[in-house]
Structure formats: C-alpha cells, structure tokens
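To keep things clear, I will list the structure first and then write my remarks on it.
The values are calculated or read from the model by the stated rules, or taken from the named source; none is laboratory data. Small disclaimer: the values here were computed from a predicted structure and weren't measured. Using ideal geometry, Cβ is built from the backbone for each residue, glycine included, and neighbour counts are taken over all protein chains shown.
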Amino acid sequence: MKATHYLHGTRVEAGSRSLNPLTSPVDGAPLGSVAVADATVVDQAVQSAQKAFQSWSLVPVKDRVQVLYKFKALVEQNIGDLAKQVTAENGKTTAESAAGIARGIEIVEYAASLPQLFAGEILEVSTGVDCYTRRFPIGVVAGITPFNFPAMVPMWMFPMAIACGNSFILKPSEQVPFTPLLLADLLKESGLPDGVFNVVQGDRETVEAVLDHPGIAAAAFVGSTAVAKAVYDRGIASNKRMLTLGGAKNHLIVVPDADPLITAKNVVSSAVGCAGQRCMAASVLIAVGDCDAIIDAIEHEMRNLTCGAEIGAIISVKAKERIEGYIARAAARGAKIRLDGRGQSMAGNYVGTTLIDGITTEDECANDEIFGPVLSILRVKTLDEALAIENANPYGNAACIYTSSGATARYFEMKAEAGMIGVNIGVPVPRDPFGFGGWNASKFGAGDITGRDAISFWTKTKKVTAKWTSKSTNWMS
C-alpha cells in the first residue's frame, strides 16, 4: 500500500519520488511506502484549496458546522478501525489510540459549537455612531503534524480551521501517513466539499514547499523545539501567520504530604503512557524531602507494566536506540537504575518502563527530552529548590505538583514557569474552551492551538465604524 496525497476529494499518487517503505513499530510488519509532494504537488493542493475556498468561505457558519456533526458521528462509528490504523503505524496500545481519537472528537465538538462563539462585538461609541466587528476566514491554511498522535493533533487543527471558513492542507509526519487519509475519507462522506481538506505527504522538501508557498496564509506545527523554531522562522519569512509548538521537559514535583497510592498511579501513567512519546509526559520527578515511600510505590507500579500490553512500541529503531543510549549513559555516570527497560526480547521497537534514581541537574536525563518510558528522579530539600530547577529549564510546557495541601498547590501554581499546570494530575491537558499551549521554548507565536485562541488564529477581524443620519431617503424619487 502506498500513502498517497489527497487532493480535491481524491487520492492522488504524484511527485517525483517516494520514501523508503514503512514497517510497523509493533512487529516490523510492512506498511507500505510514502509519496513525496514536491513544490508542484503542493501548488496543486493550494490551487484546489483556493478554488474550494471561494464558495466554502461564503457558507454561513451554522451550515459549515453541520459537516462536523456528521464527521463526529462517523469517527465514533469507525473509531475501532481508526485506532487499529494508529496502532499499526505509531505503535500505541489500542486503548491509547482510541483515547487519542476520543480527545480529537472533543475538539470537533467544540468546533461544532462555533455558531455560539463566532459573534462579533458592537458598541455605540457616539450618538448614531456604531463600532462593530466581523470575523472572516483567512484563506488557505496548513497544519504540519507529528508522528505521536496521527489523529488527535490534526484534529486539533482542521475542525476549527474549516469551521471558521478556511480550506485546509494537512502535511502529516511521514512516519504516520495513513491515518490522515482515513480522516479525509470520513470528511468527504460527511459532505465536506472537495478541496476544503487536502493532504500532502512527504518529508522536509514538502514542509518547505508548504511554508514557502505564497498562497498559504497561515500554518500551525507541532513537533520538536528545534524544528518548531525553524518552521516558525521560515513561515514568518513568507508572511504567514504562524503558531508552532515545540518540545518539553516536564517536571513532576512530589512533596511528602502527597497521597502515595494516587500519586504513584498518576505519575506512572504520565511517565509511560504512549510509551512516553508525548510532549506532556512526565520526564523528571523532583522529590522534596522524604518521599521514599512514594517513590517505592512508583517503582512497584512501573514494575507491573509489560511491553505490548500496557506499554506501546517506540516509533522507530533509531528512536529506540536513542532512548536506550540515555539509560546506558546514566548508568555509566553512576545513577541508580531501579528499573531497566532495555533489552526487550519481543518483536517490535519496545523499551520497558525505566526508573533512574540519583541524577543531578547536570545529567542528560535532567535536561533532554528523552521521549520514551523513562522517569528520572532528582532529590531536593525544599519546594523552592524544586521550583528553581523547573523554572531554569528552557521549556515551559507543563509542570505538576502532588500534594494534599491547597496552600502548597496554590504557591506552586503561581510560581511555576509553565503554560499548563497540574495539581495531582500528571498530564494537565486543558479541555476546551481552555487552550493547549506552553511557554518559553515550548511555543513560538501567540495564543494556543485549541480553545478560544484557535478562533483568533484561524480568522481575521474586520472593524466597522458606521454613522447613520435620521434623514429619510425616498429611493423612488
């Protein structure tokens, strides 16, 4: 099977080259090859999207969202097949794949409520003079999405974008190219006009063609920080509206009064869910004072999880080797490997749960985004020490605390330098209307990718000032 492009409502095999065949991270089974959209193919997608935009942008918002109601129902009806595809190409457990799609459905629901959110503002600023606003779509827009959530992250973007009246071009990760095509099929079945949603497959060449094309007005991106910064800069250089989300180094801070059982289960879920391959994963546990009983409970919880059942696969052999390298170097520097996930004997790209104790703030494990089921433990004496470590890291995606004290939680909430804060929650992903987005090197551009900010990102506002006199006019004279 070949991952083709999706242009004007049809799967199209085009472009001058293809990428190497993909294999499933679950068991190494062949998945197929991936077409590469060069600048010519990207231009075809833009032309298709521009043609569709002419009529789609004129459809009233209450009618545009009817497509999303149908799309939501179809995704729910086909969630089993979609989850199976996500697992095959990404490696998640089936339950994790379904959960990601369910989260995407929540964004579709929010986008479907746009008629209640899209209204402008009006104010009588002087006698007989009104100022008011109207929202308009901005044109052809694009989303560049990562491997770790083949359905959910695209669904962060295109439902809001098309509900706002734009036409959309999706460039998915070349590692997970098939799930977006299934979404495209469901959108067509939902009644979305051809050309409003397009998919271009490929690698860096395709991304650069998208960012350089003058016919694309805005683009959003999710991926690593280095790439997010490069994508942001290139898009801005071609006068695009840009929002790019980057990496993270999320710290979970545990204080002695935290509930041991609840904390252990939640920390482990955060650290190893999706095999740690998510920007919201717990990466470092900072233990304040005597938290040995809680850490022992975390180790017990992690020890009971097995690869293939509760722990999904790593996206590639290269990524697996990278993760195992961090573990090996931590051991060589004298850290205590309480659980070692290396050397899994089963087929597929698996790293088991790994718990590393006794690291310092200078260690790689304390600073790099490992993107695997690896939790490292730093020990400090005070909460302020823990906050200093959290706030010194260049990222600002998420920070969490486990405590039974409201005053401690409030202090942490106010002091932590991160865009998303968790209190006794290790994956503090906000639900709409609250938006998803971090601070510092975890985000480039203004606003959040979901929630209310998404409306602002995918639209432009026209401000009108009008004055009417009381003099009547006889148009028949």
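Residues in segment 80-96 that are in contact with a Phe, Trp or Tyr (Cβ under 9 Å, 6 or more places away or on another chain) and of a type in the set (G, A, S) were compared, and the one that is surrounded by the fewest Cβ atoms within 10 Å (Cβ to Cβ) is A88. Checked against (1) more than 23 Å from N148 (Cβ to Cβ); (2) at pLDDT 95 or above; (3) in contact with a strand residue (DSSP E or B) (Cβ under 7 Å, 6 or more places away or on another chain), G358 passes all but a single condition, namely (2).
Please determine, by comparing only the residues of segment 214-236 that are surrounded by 20 or more Cβ atoms within 10 Å (Cβ to Cβ), more than 27 Å from K84 (Cα to Cα) and of a type outside the set (A, V, I, L, M), which one is modelled with the lowest pLDDT. This residue is T225. Taken together, the criteria place T263 among residues that are modelled with pLDDT of 95 or more, touching a helix residue (DSSP H, G or I) at 6+ places or on another chain (Cβ under 6 Å) and not assigned by TED's automatic domain parsing to the domain that holds Q85.
Of everything listed in (1) in contact with a Gly (Cβ under 8 Å, 6 or more places away or on another chain); (2) closer than 15 Å to I216 by Cα, the single unmet condition for V42 is (1). Consider segment 279-305 and keep the residues that are closer than 17 Å to I323 by Cβ and at pLDDT 95 or above. The one that is surrounded by the most Cβ atoms within 10 Å (Cβ to Cβ) is V284.
Residue count for segment 367-417 satisfying the condition of being touching a residue at least 40 places away in the same chain (Cβ under 8 Å) and crowded, with 22+ Cβ neighbours inside 10 Å: 23.
Of the candidates V231, V176, V210, V255, the single residue that is farther than 24 Å from E109 by Cα and touching a Pro at 6+ places or on another chain (Cβ under 6 Å) is V176. Counting only helices (runs of 4 or more DSSP H) that fall entirely inside segment 273-389 and contain at least 2 residues that are within 26 Å of the chain's Cα centre (by Cα) and farther than 26 Å from V429 by Cα, the qualifying elements are 317-332.
Counting only helices (runs of 4 or more DSSP H) that sit wholly inside segment 134-246, those with at least 1 residues that are of a type in the set (D, E, K, R) and either assigned by TED's automatic domain parsing to the domain that holds G9 or touching a helix residue (DSSP H, G or I) at 6+ places or on another chain (Cβ under 9 Å) (or both) are 179-189, 204-212, 225-237.
Table: residues versus (1) out of contact with any Cys (no Cβ under 6 Å at 6 or more places or on another chain); (2) among the polar types (S, T, N, Q); (3) crowded, with 22+ Cβ neighbours inside 10 Å.
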position	(1), (2), (3)
A45	yes, no, yes
A49	yes, no, yes
Q66	yes, yes, no
K70	yes, no, no
N78	yes, yes, no
A98	yes, no, no
G120	yes, no, no
V125	no, no, no
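Looking at this structure, is G325 assigned by TED's automatic domain parsing to the domain that holds A282, under 29 Å from N90 (Cα atoms) and without any contact (Cβ under 8 Å) to a residue 12 or more places away in the chain? Yes: the conditions hold for G325. Restricting S18, S24, S55 to residues that are modelled with pLDDT under 95 and surrounded by fewer than 22 Cβ atoms within 10 Å (Cβ to Cβ) narrows the list to S18.
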